[in-house]
Amino acid sequence: MAVMSASRLLLVAISARALASTGESPTLPQLRALVVLDTCGPVKLAALATTLRVTPSTALRMVGRLESAGHIGRRSNPDNRREVILRLTPSGRDLVARVLAHRRTGIRTLVEKLPAEARAGLVPALKALTQAAPEMAVDPFDETHRMGGLIDDPLSPAPPEPPGEDGVGRRTTASDT
């Protein structure tokens with residue numbers, strides 16, 4: 001019960017509050033899509049759907065709304081015109097940065113309210129919980145790479161690099177989603 005309450009607080013309430021603070025209207029699932037694109041760079045629509053664990057038609061509707069809001073751009077894959085390639089626009093990148101910064105501040109404020117002994121045990125407990133179910137921890141970069149959904153950015157000659165232990169090689173981490 002305590003784990004469910006904490007996850008609702010941290011993952012839903014703080015994320016929803018962070019999103020609402022921006023004055024933007026995306027939903028939490030749409031935010032997840034934006035974070036995947038921020039994490040991975042240009043991605044095929046099918047890989048985004050798989051990473052988000054939604055159907056391609058659901059992902060397409062989500063992308064349509066985010067494109068209308070100016071957060072996502074899409075184009076045909078020059079190598080296979082049946083594939084749709086998605087990328088964040090500057091507006092989408094800015095939205096992700098603002099939401100994640102607000103969420104980190106909210107979590108930091110909450111953790112600072114804990115007594116020192118509770119704070120000391122928090123990180124090891126969360127790491128142990130994550131390690132207990134590694135198959136449930138989906139890393140957007142790894143998932144889209146596995147699906148063959150990462151696309152080299154035609155504006156950048158370097159292909160995307162998988163992250164190291166410190167997260168270098170991408171802008172955000174799976175824990176930011």
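The values are calculated or read from the model by the stated rules, or taken from the named source; none is laboratory data. Predicted, not measured: the structure shown is a model, and the values here were computed from it. Positions of Cβ are backbone-derived with ideal geometry, glycine not excepted, and every protein chain shown enters the neighbour counts. Remember, those area values only see protein heavy atoms, side chains included, never the ligands or the DNA or RNA. Shrake-Rupley method; radii C 1.70, N 1.55, O 1.52, S 1.80 Å.
Table for the structure above
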{"item": "Yes/no for LEU86 being among the hydrophobic types (A, V, I, L, M, F, W, C), closer than 17 Å to SER15 by Cβ, open to solvent by less than 60 Å² (accessible area, probe 1.4 Å) and not in a loop (DSSP other than H, G, I, E, B)", "result": "no"}
{"item": "Enumeration of residues in the range 67-83 that are in a strand (DSSP E or B) and open to solvent by less than 70 Å² (accessible area, probe 1.4 Å)", "result": "ILE72, GLY73, SER76, ASN77, ASN80, GLU83"}
{"item": "Residues (of a type in the set (Asp, Glu) and either surrounded by 12 or more Cβ atoms within 10 Å (Cβ to Cβ) or at pLDDT 85 or above (or both)) located in the range 100-138", "result": "GLU112, GLU117"}
{"item": "Residues that are more than 18 Å from ARG93 (Cβ to Cβ), in a helix (DSSP H, G or I) and β-branched (Val, Ile, Thr), drawn from the range 26-50", "result": "THR50"}
